[in-house]
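Engineer: Quick one: structure below, then a few questions.
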Amino acid sequence: MGIFARLAALLKSNLNDLISSSEDPEKMLNQIVLDMSNQLLEAKRQVAASIADEKRLAKQVEQETANATEWERRAMLAVRAGDDALAKEALSRKKEHQTLAEQFQEQWSKQKQAVDQLKLALRALNNKIEEAKRKKSLLIARKKRAEAQKAIQDTMRGLSDNSAFDTFERMHQKVEQIEAESEASTELGGELTGDTLQAKFKKLEGSSGSDMALAELKAKMGLGPAPEQPALPEVKTDGGKP
């Protein structure tokens with residue numbers, strides 16, 4: 001299994017474990033992003049190791065190519081010296097290094113292709129993680145909004161309960177009853193205290209005054225006779241004569 005296949009399997013496993021544990025969504029999302037980031041770092045280390053292998057193979061290609069060139073130079077030197085046998089040995093050694101260079105070149109080419117693919121996959125994975133971070137922020141915001149909406153709905157359901165308003169109305173009626181009883185008690189107390197006979201005459205006199213004022217007003221308007229004025233008491237002089 002390749003690096004990124006193992007990474008994907010691990011991410012899926014961690015996600016399933018978090019979901020099955022029924023944890024808080026915000027904590028779950030934070031943990032998932034954290035795990036993805038840690039696993040991305042591990043993937044980067046493995047890609048870096050693959051790149052190092054590629055560079056090592058490239059250096060070996062250069063080294064073996066340089067060795068083959070050097071043995072060719074020596075073979076030429078032997079030919080100039082008239083030593084064909086030595087020249088053949090040098091050419092044989094050149095052939096060995098040239099074969100190694102070709103083999104290293106083949107390995108390097110394959111390694112470079114793998115590294116290029118790993119770089120693309122790593123870049124895609126990094127983009128997905130960045131996208132996951134952005135989605136995480138959005139999901140957390142949606143979760144908080146849903147919680148706030150639920151709290152509002154719970155409050156509204158509480159306000160729609162008539163029991164609180166019924167209690168308020170009963171208290172209102174009770175206060176009015178207490179006020180009425182207090183007024184009745186005050187009125188009753190006034191009637192039962194002091195000289196009740198004198199109070200009755202004051203009430204009668206007040207009523208007579210009102211009747212007199214009304215009769216005078218009607219007479220003034222031509223709607224009735226002038227009211228009779230009450231007779232003044234007779235004043236007696238000395239001797240009993242007026």
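Engineer: Taking R0 as 35 Å, what FRET efficiency do you get between ASP84 and GLN46 from their Cβ-Cβ distance, rounded to the nearest 0.05? Each step should come with its number before you reach the end.
Structural biologist: Values: r = 52 Å, r/R0 = 1.49.
E(calc), rounded to 0.05, equals 0.10.
Engineer: Which one of GLN111, SER92, ALA146 has its Cα pushed farthest toward the positive end of the charge dipole of segment 56-178, where Lys and Arg give +1 and Asp and Glu give -1 at the Cβ?
Structural biologist: ALA146
Engineer: Suppose all protein chains stay in the model; what accessible area per residue would a 1.4 Å probe give for segment 34-103, in Å²?
Structural biologist: Details: 4660 Å² over 70 residues.
Ligands and nucleic acids excluded, the figure is 67 Å² per residue.
Engineer: Now, a different point. Show me, for segment 113-120, the HN-Hα J-couplings you get by feeding each phi into the Karplus relation (A = 6.51, B = -1.76, C = 1.60, θ = phi - 60°), rounded to Hz, glycine and proline as x.
Structural biologist: 4, 5, 5, 4, 5, 5, 4, 4
Engineer: Another one. Determine the alpha carbon to alpha carbon distance for each of LYS55/LYS95; LYS44/LYS119; LYS55/LYS94; LYS59/LYS119; LYS27/LYS135 and list only those over 18 Å.
Structural biologist: Numbers: LYS55/LYS95 24 Å; LYS44/LYS119 9 Å; LYS55/LYS94 23 Å; LYS59/LYS119 21 Å; LYS27/LYS135 14 Å.
The answer is LYS55/LYS95; LYS55/LYS94; LYS59/LYS119.
Engineer: Return the FRET efficiency for the residue pair LYS110, ARG142: r is the Cβ-Cβ distance, R0 is 45 Å, and the value is rounded to the nearest 0.05.
Structural biologist: Details: r = 47 Å, r/R0 = 1.04.
Working from the Cβ atoms, E equals 0.45.
Engineer: Applying the Karplus parametrisation 6.51 cos²θ - 1.76 cosθ + 1.60 with θ = phi - 60° to the phi angles of segment 44-58, what ³J(HN,Hα) value in whole Hz is obtained for each residue in order, glycine and proline being reported as x?
Structural biologist: For segment 44-58, the Karplus-derived couplings read 4, 5, 5, 5, 4, 5, 5, 5, 4, 5, 4, 5, 5, 5, 4 Hz, x marking Gly and Pro.
Engineer: May I ask you to evaluate 6.51 cos²θ - 1.76 cosθ + 1.60, the Karplus curve with θ = phi - 60°, for each residue of segment 83-97 and list the ³J(HN,Hα) values in order in whole Hz, giving x for glycine and proline?
Structural biologist: Residue by residue, segment 83-97 yields 10, 5, 4, 5, 5, 5, 5, 5, 5, 5, 5, 4, 4, 4, 5 Hz.
The values are calculated or read from the model by the stated rules, or taken from the named source; none is laboratory data. Note that this is a predicted model, so its numbers are computed, not measured. Cβ atoms come from the backbone with ideal geometry, glycine included; neighbour counts cover every protein chain shown. The area values use the complete protein model at the heavy-atom level, side chains included, leaving out ligands, DNA and RNA. Shrake-Rupley method; radii C 1.70, N 1.55, O 1.52, S 1.80 Å.
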